[in-house]
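For reference, the structure is listed below as structure tokens.
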Amino acid sequence: MDRKAKAVVCREWGQPVQVETITVEGPKRGEITLKIAACGVCHSDLSATTGKIPYPPPLVLGHEAAGVVIEVGEGVTEFQEGDHVVSSFISMCGKCRQCARGRPVLCDNARKAMFTLPDGTVRTKDSNGEPLNVFGACGVMAEYATMHVDNCVKVDKSVPMQNAALVGCAVMTGVGAVFNTAQLEPGSRAAVFGIGGVGLNAIQGCATAGAEMIMAVDSNPGKLEMAKEFGATHTININDVEDAAKAVKKLTGGVDYAFECVGAGAVVEQAYKSLGRGGTAIVVGVSDPKDKTSITTLTLPADERTLKGSWLGSARPQYDFPRIIGLYKAGKLKLDELVTRTYPIEEAAQAFDDMVAGKNARGVIVMEP
Ligand code: NAD
Ligand code: ZN
């Protein structure tokens, strides 16, 4: 059935987000409708409002949410009404070549549907009946969302929704970059550049995986304080040093793993330069498509360095989301502390401004029950 829902929409690149009442259609075959409880505000949502991530507007934002299943489409056997679900911006079809080789974040079918559902259409329309695209096949910064089951992961009902929501992006991306992409060994030395929601999770991933030294690098003193709470052993404010990479090298002798969690070629260069011999720099930040970086080519063979990317923490969502929640329940990962502030959906624009101002670990939009 059709449902009216308040939703956070990007109408035009460069303009503030808008809260609109939209229509969310019920599920087609292989889809479910969720009543969304909470949705985190990620820098990638912001990048979609500026065109840095070029998803065409009008676009319903949001890809980091938790909700309850309220309607199940034809042919769906894995979900039933009342299940708690976390959204995944990559759909894992399970059948394409990449899924078959164990790399669902690279799913060929997900790639075709970055701002629609996997079949190339949407279930969302505005008050004039015009279709609205959806961020990452999700569009979950809204009171309701109809999604394909391949973008949904069932989770433990005992976890508070605002915590579970963050597993869908910030936690999976940061922790997964460490566990899955880097496969960081205990005793490693690590540096994280950019301590936002994603970087903080890279920090706690390094701590949980047993890193010996964890350097947190940012320009915001508040973020560096948060980094210490999440396990950073040292902090470097880029405004206090001439060259952050040199500062990291001085303290560590060069790190084994550097995580770029900003989204800028210049910071990728810094992360790469902070490596020791045999080190790996992992690029997590999403930069402008025209952005470039520069590295000294010789160091790749002579130091056996690696430059690697990480998409949603190289996740296998159906396995990794429950795994992360299990680690939270066992007291080995922090989720409560990530939610610095919650906002009603009407205050979405404020939540975006606060992210730009670097006020929150994560700001979370909480829907009315
Ligand atoms: P955020 O805005 O919460 O945090 C970014 C942090 O970077 C801020 O604390 C800021 O002060 C810091 N920063 C800015 N310039 C810096 C510099 N030159 N050196 C060091 N620190 C600097 O953002 P977020 O939500 O944590 O996202 C971070 C990046 O990760 C974004 O580019 C986002 O699009 C990307 N992202 C990637 C994936 C993925 O799958 N790879 C998933 C989610 C988000
Ligand atoms: Zn995100």
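The values are calculated or read from the model by the stated rules, or taken from the named source; none is laboratory data. Given the structure is predicted, the values throughout are model-derived calculations rather than measurements. In this analysis, Cβ positions are derived from the backbone assuming ideal geometry, glycine residues included, and neighbour counts consider all displayed protein chains. What goes into the accessible areas is simple: the full protein's heavy atoms, side chains included, and nothing from ligands, DNA or RNA. Shrake-Rupley method; radii C 1.70, N 1.55, O 1.52, S 1.80 Å.
Relative to its Kirkwood radius, the Cα radius of gyration of the range 206-348 gives an Rg/Rh of 0.99.
Solvent exposure of the chain amounts to 41 Å² per residue of accessible area, where only protein heavy atoms count and the probe is 1.4 Å.
Taking the chain as a Gaussian network, Cα atoms linked when under 10 Å apart, which of Leu184, Leu333, Leu307 shows the biggest mean-square fluctuation? In this elastic network of the chain, the residue with the biggest mean-square fluctuation among Leu184, Leu333, Leu307 is Leu307.
Legend: P(r) of the range 222-281 from all alpha carbon pair distances, 5 Å bins from 0, whole percents, reading 4, 19, 25, 30, 19, 3, 0.
In a DSSP loop and with at most 12 other Cβ atoms within 10 Å, the trypsin sites (Lys or Arg not before Pro) in the range 69-153 are Lys95, Arg101. Taking Cα centroids, how far is the range 17-39 from the range 292-369 in Å? Each part reduced to its Cα centre gives a spacing of 23 Å. Give me the number: length gained by fully extending Arg341 to Asn128, i.e. 0.36 nm times residue separation minus the C-alpha to C-alpha distance, one decimal in nm. Here the segment from Arg341 to Asn128 would lengthen by 73.3 nm. Taken over the range 28-135, the alpha-carbon convex hull comes to 121 cubic angstrom per residue.
The equivalent ellipsoid of the range 124-208 has semi-axes of 33, 15, 11 Å, largest first, where each one is the square root of 5 times an eigenvalue of the Cα gyration tensor. The longest stretch of the chain left intact once loop-based GluC sites (Glu not before Pro) with at most 14 other Cβ atoms within 10 Å are removed from consideration, loops following DSSP, is 82-211.
For the chain, compute Rh as the Kirkwood radius over C-alpha pairs and then the Stokes-Einstein diffusion coefficient at 20 °C and 1.002 mPa s; write the answer in µm²/s, rounded to an integer. Calculated translational D: 105 µm²/s. GNM on the chain, alpha-carbon springs under 10 angstrom: the most fluctuating residue among His148, His234, His84 is His234.
Result for the chain in a Gaussian network model with C-alpha springs under 10 Å: among Asp354, Asp320, Asp243, the largest mean-square fluctuation is at Asp243.
Taking each DSSP H run with n ≥ 4 as -39500 (n - 2.57) and averaging over every residue of the chain yields -6500 deg cm²/dmol at 222 nm. Calculated FRET efficiency, Tyr319 to Arg111, Cβ-Cβ distance, R0 = 22 Å: about 0.60 to the nearest 0.05.
Using a cut-off of 9 Å between beta-carbons, work out the net charge of the residues near Lys359 (Lys and Arg +1, Asp and Glu -1, Lys359 not included). Charge balance in the 9 Å sphere: -1.
Converting phi to 3J(HN,Hα) with the Karplus coefficients 6.51, -1.76 and 1.60 and the offset θ = phi - 60°, the range 250-266 yields 4, 7, 10, x, x, 8, 7, 9, 10, 10, 8, 10, 10, x, 8, x, 5 Hz in sequence order, with x at every glycine or proline. Subtracting the Cα-Cα distance of Gln18 and Lys329 from their residue separation scaled by 0.36 nm leaves 108.4 nm. For the range 159-237, the Cβ-based charge dipole about the Cα centre amounts to some 60 debye (Lys, Arg positive; Asp, Glu negative; other atoms uncharged).
For Val134, the residues 5 or more places off, or on other chains, whose built amide H falls under 5 Å of its own are Val60, Thr116.
Put simply, the amide H of Ala191, placed in the peptide plane, has neighbours under 5 Å in Met215, Tyr257, Ala258, Phe259, leaving out anything fewer than 5 places away on its chain. Between Glu81 and Ala349, full extension at 0.36 nm per residue minus the direct alpha carbon distance yields a gain of 93.3 nm.
Cross-link list Lys28/Lys125; Lys228/Lys249; Lys157/Lys359; Lys4/Lys35; Lys228/Lys332: which exceed 22 angstrom alpha carbon to alpha carbon? From Lys28/Lys125; Lys228/Lys249; Lys157/Lys359; Lys4/Lys35; Lys228/Lys332, over 22 Å: Lys157/Lys359.
With the charge dipole of the range 171-311 set up from +1 on Lys and Arg Cβ and -1 on Asp and Glu Cβ about the Cα centre, the Cα lying farthest toward the positive end among the listed residues Gly263, Ile295, Ala209 is that of Ile295. Amide H contacts for Gly363 (H built 1.01 Å from N in the peptide plane; partners 5 or more residues away or on another chain; cut-off under 5 Å): Val41. Tell me the net charge near Gly67. Cut-off is 10 Å between Cβ atoms, Gly67 excluded, with +1 for each Lys or Arg and -1 for each Asp or Glu. Residues near Gly67 contribute -1 overall.
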